[in-house]
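**Q** One structure follows; several queries about it will come next.
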Amino acid sequence: MMVETAGLTRLFGEAVAVDKLDLQIAEGEIFGLLGPNGAGKTTTVRMLAGLIGISAGNAKVAGIDLTDKSQVQNVRRVVGILPEESGLYGELTGAQTLDFFGKLYGMTKAARAERTEMLLNRLGLFERRNEVASTLSKGLKQRLALARALIHDPRLVLLDEPTANLDPAAALVVRDFMLELKAEGRTVIVNTHRLEEAEKVCDRVGILRTRLLKVGTPASLREELTEDRVMFEFERMHPADVEELHKLGVAITRQEASRVEVNLGNSSTSVADIVTALVTNGARITGVVESTASLEEAYLAIVGGAK
Amino acid sequence: MNLKFVSAIMLKDLRVALKRRGLVIGLLVFPLIVAVGLPAVLTISGRNGHGLPAVVLPQLLSSFQFFFVIGSVTLPTAIAAFSLVGEKIERSLEPLLATPVTDIEILIGKALAAWLPPVIAAGLGNVLFMVLANMQTQKTLGYLFFPNPTAFMVLFVVIPLSAMVSVGLSVLVSSRVRDARTAQQISSILALPFAGIYITTEVGIVSLDVPGMLTLGGILLILVAILFVLARATFNREEILTRWK
């Protein structure tokens, strides 16, 4: 396991920022941390990066115990972090930025030069390596900040809202890069509000609201919510059809112009019962399909349920 | 302590600081004005046979030298404020804190970057002042007034220590304010006690001779130690990421 936490807790005075977090993240996995603002995502990432201490519980990163303060520096050597704000030095060029951070990771001059060139090339910044960061666009700044996080070849990459405030094209570059990192065998933990992004790149996601509410693959979370949901499609839907569904005691979860979604979870009524009742009532049904919830719906249901 | 990390941070901060034109101008202008201006005043006042009495000149020159001490207190505040508050505003401290560099290495690297240019500027200004002042003393006193033990004390003890006090105070102030100018202005208040010392020398309460300078050096050393302990407590990852405003 690249990351293992047990009862990981962080308090700020009386306030609980992260509460008894149990997490196992395998090497080479992209794990998404989802949650509303103030859910403890950034605090979790900062604890895993050895930036702030742990109030209670245990955590290991690459087998290194984070509760052992003498080991925290070793954790920082295997972790690369991209904070929410790119935090670049506006006066330094891309090449100078990477060289400076390479020095702080104790890299030799040759290793710094080689890795700087490689990262700048990979992230499409080589041609602009001698431009100061303040002159770069937001997207390019984010790419440079990503390069900075990777200068020391970390095994675990922590990305805090990596595509926030980026336009779709710039966000796509960052997303593709996350997949490249996975292909290289690196572990990536990404904090994000962009659920479609999590769905595209994450192997698993964890929904955090101080406590870890749910962990699973994006598909499993969607399926959990989708289970027992059926969409009935009508040639033309009449109010009487909806009334009939109410009479049958099924919960309507979504209603559109010519289709209606019902949840059969708490109902003894079967799909066949519903079809029979509707057809008897004069409805012209054109389709009955198992409904699929989006990750966003699953997220909202889980987070909403925890309020 | 890894000195390579310290020097990397110091050089980076210097590189960033020296790209700020206003900061460089400030570093150059103050010592230059004092170094050239005060000897010029002596020269002008010595024209037409209305020269300063020879008995007054040594005391006056020692007092004038103290301007460089005041400069060494005010000049570091700009660099220190931009180095700490500037990074806080730009959010560039977090990536720095994520490296394996220790808190003390970051603190010392940043402190050296804020300390070195003002000390060099004040020191060089002081040397220029001594050379120009000597041209006057040669005529008025018949000998070269500088260098002398007091001047050495100012140059190698009081100026460096005063700048250290200034940097230490700037670190503390920077942790509690949100913009660099405020940090600089608050830290610059430190110039007031030094200006007070200058005034007391002018009215003859305090003497800027070697024992006086040794006493001042001792006080500054104690202040440096206290401020270092406080700055060390303030400048740690946990504090910076969770408590710094």
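**Q** Placing unit charges on C-beta atoms (Lys and Arg positive, Asp and Glu negative, everything else neutral), compute the dipole magnitude of the protein assembly as shown about its Cα centre in debye, rounded to 20. List each step's numbers first, then the result.
**A** Numbers: 55 positive and 53 negative charges, 471 e Å.
With only Lys, Arg, Asp and Glu charged at Cβ, the dipole is about 2260 debye.
**Q** For the stretch A:16-23, what does the Karplus curve 6.51 cos²θ - 1.76 cosθ + 1.60, with θ = phi - 60°, yield as ³J(HN,Hα) per residue in whole Hz, taken in order and with x for Gly and Pro?
**A** 9, 8, 9, 10, 6, 7, 10, 8
**Q** Please report, in Å, the Rg and the Dmax of the stretch A:31-87, where both are computed over Cα atoms only.
**A** Every Cα atom of the stretch A:31-87 included, Rg and Dmax give 11.7, 33 Å.
**Q** Here's a follow-up. Per 10 Å bin from zero, what fraction in whole % of the C-alpha pairs of the stretch B:103-164 is there, up to the bin with the longest pair?
**A** All Cα pairs considered, the percentages come to 21, 38, 23, 11, 5, 1.
**Q** For the stretch B:176-231, state the average projected area of the convex hull of the C-alpha atoms over all orientations, rounded to one decimal in nm². Intermediate results must be reported in sequence, preceding the final value.
**A** Numbers: hull surface 18.9 nm².
Computing the convex hull of the Cα atoms and averaging its projections yields 4.7 nm².
**Q** Just checking the output field for A:52-59: average partner chain Cβ neighbours within 10 Å of each residue's Cβ? Kindly include the intermediate steps, with their values, before the conclusion.
**A** Details: counts 7, 3, 0, 0, 0, 0, 0, 0.
Mean partner-chain Cβ count within 10 Å for A:52-59: 1.
**Q** A further question on this structure: Grab the beta carbon distance between residue B:181 and residue A:228, set R0 = 45 Å, and tell me the FRET efficiency rounded to 0.05.
**A** Working: r = 62 Å, r/R0 = 1.37.
The value I calculate is 0.15.
**Q** How far is helix B:3-17 tilted, in degrees, relative to the longest principal axis of the Cα atoms in chain B, given as a value from 0 to 90 rounded to the nearest 10?
**A** The angle comes out near 70 degrees.
**Q** Ratio of the stretch A:101-141's C-alpha Rg to 2.2 N^0.38 Å, to two decimals? Before the final figure, lay out each step's value.
**A** Numbers: Rg = 11.2 Å, N = 41, 2.2 N^0.38 = 9.0 Å.
The value comes to 1.25.
**Q** Multiply the residue separation of residue A:137 and residue A:279 by 0.36 nm, subtract the distance between their alpha-carbon atoms, and state the gained length in nm to one decimal.
**A** On the way: separation 142, 0.36 × 142 = 51.12 nm, distance 5.91 nm.
Stretched fully, the residue A:137-residue A:279 segment lengthens by 45.2 nm.
**Q** For the cross-link pairs A:41/A:141; A:103/B:88; A:200/A:247; A:182/B:12; A:103/A:138, which exceed 29 Å when the distance is taken from alpha carbon to alpha carbon? Don't skip to the answer; put the middle values down first.
**A** Working: A:41/A:141 23 Å; A:103/B:88 21 Å; A:200/A:247 40 Å; A:182/B:12 32 Å; A:103/A:138 25 Å.
In this structure, A:200/A:247; A:182/B:12 lie more than 29 Å apart at Cα.
**Q** Using Cα pairs under 8 angstrom and six or more residues apart, how large is the relative contact order of chain B, in percent?
**A** Working: 285 pairs, mean separation 70.4, N = 245.
With pairs under 8 Å counted, the relative contact order is 29 percent.
**Q** Could you estimate the translational diffusion coefficient of the stretch B:112-233 from the Stokes-Einstein equation, with Rh from the Kirkwood formula over C-alpha pairs, at 20 °C and 1.002 mPa s, in whole µm²/s?
**A** Details: Rh = 16.0 Å.
Result for D is 134 µm²/s.
**Q** Okay, next question. Under the Karplus relation 6.51 cos²θ - 1.76 cosθ + 1.60, θ = phi - 60°, what is the ordered set of whole-Hz ³J(HN,Hα) values for the stretch B:148-157, x standing for Gly and Pro?
**A** Karplus-based 3J(HN,Hα) across the stretch B:148-157 equals 9, x, 5, 4, 4, 4, 4, 5, 9, 10 Hz.
**Q** Below 8 Å between Cα atoms, with a sequence gap of 6+, how large is the relative contact order for chain A in percent? Display every interim value, and only then the final one.
**A** Details: 566 pairs, mean separation 59.5, N = 307.
Relative contact order comes out at 19 percent.
**Q** Taking the stretch A:150-276 on its own, what percent of its Cα-Cα pair distances exceed 24 Å? Intermediate values should be presented prior to the final figure.
**A** Working: 4075 of 8001 pairs.
Summing the P(r) of the stretch A:150-276 above 24 Å gives 51 percent of all pairs.
**Q** When a/c is below 1.5 the answer is rounded, else prolate if a/b is larger than b/c, else oblate, so apply that to the stretch A:106-166 with a ≥ b ≥ c taken from the square roots of the Cα gyration tensor eigenvalues. It would help to have the intermediate numbers written out before the result.
**A** Numbers: a/c = 2.36, a/b = 1.22, b/c = 1.94.
Oblate, because a/c is 1.5 or more while a/b does not exceed b/c.
**Q** Using the heavy atoms of the protein chains alone and a 1.4 angstrom probe, what is the accessible area of the protein assembly as shown per residue in square angstrom?
**A** Working: 24480 Å² over 552 residues.
On a per-residue basis, 44 Å².
**Q** Something else: Can you tell me what the convex hull of the Cα atoms of chain B projects to on average, as an area in nm²? Don't skip to the end; give the middle numbers.
**A** Working: hull surface 54.4 nm².
Its average projected convex-hull area is 13.6 nm².
**Q** Let me ask something else. For the stretch A:204-286, build the convex hull from the C-alpha positions and give me its volume per residue in Å³.
**A** Values: hull volume 9.6 nm³, N = 83.
In the stretch A:204-286, the Cα hull volume divided by residue count equals 115 Å³.
**Q** Just counting partner chain Cβ atoms within 10 Å, what average do the residues of peptide A:96-104 show around their Cβ? Please list the in-between numbers first.
**A** On the way: counts 3, 3, 0, 2, 7, 6, 2, 9, 15.
Across A:96-104, the average partner-chain Cβ count within 10 Å equals 5.
**Q** Using 20 Å as the cut-off for backbone N distance, which residues of the stretch A:44-85 belong to the label zone defined by a point 7 Å from the Cα of residue A:14 along Cα→Cβ?
**A** Only A:55-56 pass the distance filter.
**Q** Compute log10 of I(q)/I(0) for the stretch A:125-222 with the Debye formula, placing one identical point scatterer on every Cα and leaving out solvent, at q = 0.15 Å⁻¹, to two decimals.
**A** Ignoring solvent entirely, the Cα scatterers give -0.65.
**Q** How far apart, in nm, are the 7 Å Cα→Cβ label points at residue A:69 and residue A:164?
**A** Distance between label points: 3.0 nm.
**Q** What's the Cα-based Rg to Rh of the stretch A:1-144, Rh via Kirkwood? Could you put the intermediate results ahead of the total?
**A** Numbers: Rg = 17.4 Å, Rh = 17.0 Å.
Expressed as Rg/Rh, it is 1.02.
**Q** What percentage of the solvent-accessible surface of the stretch A:227-273, computed with a 1.4 Å probe over protein heavy atoms, is contributed by carbon and sulfur atoms? The partial results should precede the final answer.
**A** Numbers: 1170 of 2740 Å².
Accessible surface attributable to carbon and sulfur in the stretch A:227-273 totals 43 percent.
**Q** Other chains' Cβ within 10 Å of B:15-24 residues: what's the mean?
**A** On the way: counts 5, 5, 1, 1, 5, 1, 0, 0, 0, 0.
If you average over the peptide's residues, the count of other-chain Cβ atoms is 2.
**Q** Using a 1.4 Å probe on protein heavy atoms only, how many Å² of accessible area do B and A hide from each other, summed over both chains and rounded to 100?
**A** By this definition, chains B and A bury close to 2500 Å².
**Q** If you place +1 on the Cβ of every Lys and Arg, -1 on the Cβ of every Asp and Glu, and leave all else neutral, what size is the dipole of the stretch A:226-284 about its Cα centre, to the nearest 20 Debye?
**A** 80 debye
**Q** Charges at C-beta only: +1 for Lys and Arg, -1 for Asp and Glu. How large is the resulting dipole of the stretch A:1-112 about its Cα centre, in Debye rounded to 20? Write out the running numbers ahead of the final one.
**A** Details: 11 positive and 12 negative charges, 74 e Å.
So the magnitude is around 360 debye.
**Q** Separate question: Between residue B:203 and residue A:286, what is the label-point separation in nm under the 7 Å Cα-to-beta-carbon projection?
**A** A separation of 9.8 nm, rounded to one decimal place.
**Q** Also, I was wondering about something else. List the trypsin sites (Lys or Arg not before Pro) in the stretch A:227-267 that DSSP assigns to loop (not H, G, I, E or B) and whose Cβ has at most 10 other Cβ atoms within 10 Å. Which are they?
**A** Working: sites: A:229, A:236, A:247, A:254, A:259; in loops: A:236.
Filter output for the stretch A:227-267: A:236.
**Q** Kindly provide the chymotrypsin sites (Phe, Trp or Tyr not before Pro) of the stretch A:215-307 that DSSP labels as loop, not H, G, I, E or B, and whose Cβ sees at most 14 other Cβ atoms within 10 Å. Each step should come with its number before you reach the end.
**A** On the way: sites: A:232, A:234, A:299; in loops: none.
The qualifying sites: there are none.
**Q** Go through A:138, A:60, B:88 and list them by solvent-accessible area, largest first, probe radius 1.4 Å. Before the final figure, lay out each step's value.
**A** Details: A:138 135, A:60 95, B:88 35 Å².
Ranked list, largest accessible area first: A:138, A:60, B:88.
**Q** Please compute the net charge surrounding residue A:27, taking Lys and Arg as +1 and Asp and Glu as -1 over other residues with Cβ under 14 Å from its Cβ. Don't skip to the answer; put the middle values down first.
**A** On the way: positive: A:60, A:155, A:182, A:186, A:204; negative: A:4, A:29, A:184, A:203.
Net of charged neighbours comes to +1.
**Q** So for A:118, A:107, A:231, what's the accessible-area order with a 1.4 Å probe, most first?
**A** The ordering from most to least exposed comes out as A:118, A:107, A:231.
**Q** To the nearest 10 square angstrom, what accessible area does residue A:143 show with a 1.4 Å probe?
**A** 60 Å²
**Q** Still on this structure: Grab the alpha carbons of chain A, take their convex hull, and tell me the volume per residue in Å³. Please list the in-between numbers first.
**A** Working: hull volume 49.2 nm³, N = 307.
Cα convex hull per residue, to the nearest whole number: 160 Å³.
**Q** Given the protein assembly as shown reduced to its alpha-carbon atoms as identical point scatterers, what log10 I(q)/I(0) does the Debye formula return at q = 0.07, 0.11, 0.13 Å⁻¹?
**A** Result of the Debye calculation: -0.57, -0.99, -1.19.
The values are calculated or read from the model by the stated rules, or taken from the named source; none is laboratory data. Just so it is clear, the structure is predicted and the values come from calculations on it, not from any experiment. Every residue, glycine among them, receives a Cβ derived from its backbone with ideal geometry; neighbour counts consider all protein chains shown. Side chains are part of the model used for accessible areas, which takes the heavy atoms of the whole protein and leaves out ligands, DNA and RNA. Shrake-Rupley method; radii C 1.70, N 1.55, O 1.52, S 1.80 Å.
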